[in-house]
Amino acid sequence: MTNAFAFDTKQFDTAQLESLFFAPARAFAALSVDYSEKLINAQIEAAKAYTDTSVAQLRRLVEVKDAEGLKSYMEGQQEVAKELTERLKGDAEKVVALQQEYAQESQKLTENSVKQVQESVQESAKANTETANKAVKEATSASKAKQA
């Protein structure tokens with residue numbers, strides 16, 4: 001049985017693979033992990049705030065002993081609803097800002113990668129053109145030498 005991964009790594013230009021593929025892929029992965037971490041932390045903070053508010057409201061409800069206490073509790077619910085609405089709006093704005101930041105950073109990474117590929121292609125084309133021109137000159141010189 002032969003090992004499918006037994007190959008000579010010297011035959012590959014690892015520097016070019018690194019600069020054109022692996023480095024941009026790692027940068028994008030790191031950006032994705034950072035974005036995910038920020039988003040998860042924002043969700044955890046929001047969940048904790050909503051949970052704390054809910055538990056506090058349940059504690060207030062348990063303490064209601066008469067009609068006046070119930071009236072006071074119900075009036076307090078309006079303020080709680082207002083606070084939760086503002087909190088929800090702020091949380092949504094935070095998520096939108098994170099998404100915009102992620103999109104901008106992704107676009108920068110993509111633009112840099114495309115620019116790097118274009119430069120590499122131009123360098124390769126230039127090198128290939130020079131090699132072809134040299135080969136043509138050598139062939140022309142050899143042809144002239146045979147004719148003489």
**OP:** Please verify whether region 117-137 includes one or more residues that are in contact with a helix residue (DSSP H, G or I) (Cβ under 8 Å, 6 or more places away or on another chain) and either open to solvent by 90 Å² or more (accessible area, probe 1.4 Å) or at pLDDT 90 or above (or both).
**Re:** no
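Okay, residues lined up against (1) without any contact (Cβ under 8 Å) to a residue 24 or more places away in the chain; (2) surrounded by 12 or more Cβ atoms within 10 Å (Cβ to Cβ):
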site: Glu63; (1), (2): yes, no
site: Asp66; (1), (2): yes, no
site: Leu70; (1), (2): yes, yes
site: Gly76; (1), (2): yes, yes
site: Asp91; (1), (2): no, yes
site: Gln104; (1), (2): yes, no
site: Lys115; (1), (2): yes, no
Original post:
Can you find even one residue in region 65-80 that is assigned to a helix (DSSP H, G or I), modelled with pLDDT of 95 or more and basic (Lys, Arg)?
Top reply: no
Original post:
Could we say that Ala145 is among the hydrophobic types (A, V, I, L, M, F, W, C), assigned to a helix (DSSP H, G or I) and surrounded by fewer than 10 Cβ atoms within 10 Å (Cβ to Cβ) here?
Top reply: yes
Original post:
For Glu105, are the conditions met, namely being closer than 26 Å to Phe22 by Cα, of a type in the set (D, E, K, R) and modelled with pLDDT under 90?
Top reply: no
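The values are calculated or read from the model by the stated rules, or taken from the named source; none is laboratory data. It should be emphasised that the depicted structure is a prediction, and the values quoted were computed from it without experimental measurement. In this analysis, Cβ positions are derived from the backbone assuming ideal geometry, glycine residues included, and neighbour counts consider all displayed protein chains. Each accessible area value is taken on the protein alone, full model and side chains, heavy atoms only, with ligands, DNA and RNA left out. Shrake-Rupley method; radii C 1.70, N 1.55, O 1.52, S 1.80 Å.
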